[in-house]
Amino acid sequence: MDKRNARILRILAIVAIGLNLFILASQIKFGDLGGGTELAEAKTFANGLIGDLQELARTLDVAEKSSVKQSLAKLHYDVYLVSNQAELAEIMQNSASKTRDLIISEYAHLNAEKVLAVINGDQEVQYARSQIILTVGPLPTGGYDVQLPNILRESTLDQLKEIENLFSKEALQEFYEPYRHLSTFKVLIENGVAQLVSQNQEQDTIKYIEGEIEILRADYAKINKTAGFAEISGPGVKISVYDQVFSVSAGDLRRIVGELYSSGAAAIAINGQRLAVNSYIVDSEQGIIVDGVIIRSNPVVLQAIGDTTTLVAGVDLLFSVSLKEMLSFDIENRENIVLPAKAIQ
């Protein structure tokens, strides 16, 4: 093994051992291993591993890849922000491992481009007019091989075997299989030109669509809650409004509801009637009507989900200015209010 591969092996071994140690981070106190505060010791250890990952990226000539730079920068920042060892352990077990795999993946892609350049130099490829797909993979002893059948000349196959391959099977048994998988790719030859074909193109498309669907579902659920057509729960306030000089009117309720929404209410109900985007509050000869239902008054009970401090401040201001001495009210903070979905009429 040459010095470069020996250096890469050392770095990978250090990273692998370090990441495994973080599995025990929730049980082991880093401070007990050498003094200093536990979290500070853990962060120092984590930053050392990140330094090894940076060294690995430089050694493999992928340190300037934007994806690698962004991943390492985010990893550094996440470690800086953590406030406890359990959170740090989770970051190192997940994000650091993904960054290591990203570095190796970028290296595999870099080698794939070298392989493609050699194949495109083959005259048999340049003269080919029919569509041909080749499967290329790394050899455990170095270089790349093309599975049969292929149209490549022996001289081209020899050049492929000379392209530097990261691992030898004997030296890096732990890493060879995942690397072999990442470095095995398809080459499409068409009209005299060879180009890479994504092995996971279909799976990537499916994953992308599934991700978009999940985002849409989350947005739909959020909109449904905001619009009033899905159950919602959370902290909030209960307000009881009483007659004083005047009786409670639909106009008064609309002003109170407006103030609650202005104060950040996520959902409101009047006497159990959930308000939605199409709700209406009007006076009638029979009394106040909310969405076609006559509600009892004196008191009228409103429930609102949102930040209790802000909601209370907004209601206090309304009753101390606009509704002063006209109506009276009581307001209670509630740790959890559940408002059902508005019935679709």
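Here are the numbers for this structure:
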read-out	value
Packing-based exposure ordering (other Cβ within 10 Å, fewest first) of 59, 309	309, 59
Residue 181 versus residue 44: modelled label distance in nm, points set 7 Å from Cα along the beta carbon direction	3.7
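Every number in this text was worked out from the coordinates using simple rules, so none of it is lab data. If you're wondering where the values come from, they're calculated on a predicted model, not measured in any experiment. With ideal geometry, Cβ positions are generated from the backbone for all residues, glycine too; neighbour counts draw on all protein chains shown.
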